[in-house]
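The values are calculated or read from the model by the stated rules, or taken from the named source; none is laboratory data. Quick caveat, the model's predicted, so the values are computed rather than measured. Cβ coordinates were reconstructed from backbone atoms using ideal geometry, including for glycine residues, and neighbour counts include every protein chain displayed. Keep in mind that these areas ignore ligands, DNA and RNA; they rest on the heavy atoms of the full protein, side chains included. Shrake-Rupley method; radii C 1.70, N 1.55, O 1.52, S 1.80 Å.
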Amino acid sequence: MVLVGTDEEKLAKYAAEVLRVFSSIVKEPHGLYMYQPEYPDAQRRMGKFKEFIEGVSASIDYRPYKDTDKLLGTTVDFAILDLMNDLKPNDVGRLGGIVRGGGIYIFMVPPLDEWVRQLTKFQQSLLVPQYRPEDVRHFLKIRFWNKLMGMGKALIINVNNDELIKEPVIGDSQPGSQGR
């Protein structure tokens, strides 16, 4: 599930609602909420999420991205990744296999047109003296976005206007696999 938008309250509300539905299917799920604690907006989103999730029987560990290396080898039922402020390939890679089969990832990302204008802390760390922030190309964000759009089972929603961007493909999409 990919939640795209800039409205902090709606991002938190949608994420909470997805987890509410998931916890009605998977009894007492355990998962992660990953965020960047140094950003006030990330803390606000997390606070709103906590308000909206009240009453849901899910166990949630709220963890900063700097802890991703400590999470290697663990398995959870769900992972909520707040990627609004930063996108570090190592963090996403470490969390890429942490959700067990039948689980769910919930990504929160800005709209692509805004995301490519935003210079993340990771991108700033890559700048060398002869280059300026406006020289940075946003290949990682574009590639990540394209991968999300290309995932057959991904559901992508623009939360700002409650619009469906991409529906998931249900069932086996391999040709000739019917009846197997």
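Annotations
- Just checking the listed ones, D41, D67, D135: in the Gaussian network model of the chain with Cα springs under 10 Å, the one fluctuating most is D135.
- At R0 = 30 Å, FRET efficiency that the Cβ-Cβ distance of K50 and Q124 yields, to 0.05: 0.55
- For the range 46-91, the convex hull spanned by the alpha carbon atoms encloses 90 Å³ per residue.
- Per residue value of the accessible surface for the range 33-176 (all protein chains in place, 1.4 Å probe), Å²: 56 Å²
- When the chain is described by a simple charge dipole with +1 on each Lys and Arg Cβ and -1 on each Asp and Glu Cβ, the residue from Q43, N160, P89 located farthest towards its positive end is P89.
- The range 91-96 - phi-based ³J(HN,Hα) in whole Hz, Karplus 6.51/-1.76/1.60, Gly and Pro as x: 5, 5, x, 5, 8, x
- A simple spin-label model places pseudo-atoms 7 Å from Cα toward Cβ; at M149 and R132 they are separated by 2.9 nm.
- Highest-MSF residue in the chain out of V109, V18, V169 [GNM, Cα springs under 10 Å]: V169
- Helix-only arithmetic for the chain: the sum of -39500 (n - 2.57) across DSSP H runs with n ≥ 4, divided by the residue total, places the mean residue ellipticity at 222 nm at -10000 deg cm²/dmol.
- D (Stokes-Einstein, µm²/s), Kirkwood Cα radius, the range 48-123, 0.890 mPa s at 25 °C: 176 µm²/s
- Convex hull projection area averaged over all views, the range 1-111, Cα basis, nm²: 6.2 nm²
- Accessible area of the chain belonging to carbon and sulfur atoms, whole % at 1.4 Å probe: 52 percent
- Percentage relative contact order, the chain, counting C-alpha pairs under 8 Å, at least six apart: 27 percent
- The range 1-87: GluC sites (Glu not before Pro) in DSSP loop, at most 14 other beta carbons within 10 Å: E38, E54
- Projecting the Cα atoms of I98, Q124, Y65 onto the charge dipole of the range 52-149, computed from C-beta unit charges around the Cα centre, puts Q124 farthest toward the positive end.
- Mean projected area (nm²) of the alpha-carbon convex hull when the range 66-180 is viewed from all directions: 9.8 nm²
- If only the Cβ of Lys and Arg carry +1 and only the Cβ of Asp and Glu carry -1, the dipole of the chain around its Cα centre is close to 500 debye.
- Under Karplus coefficients 6.51, -1.76 and 1.60, residue-wise ³J(HN,Hα) of the range 143-155 in Hz, glycine/proline x: 5, 4, 4, 5, 5, 4, 5, x, 6, x, 8, 7, 10
- GNM flexibility winner over the chain from P129, P110, P37 (Cα, springs under 10 Å): P129
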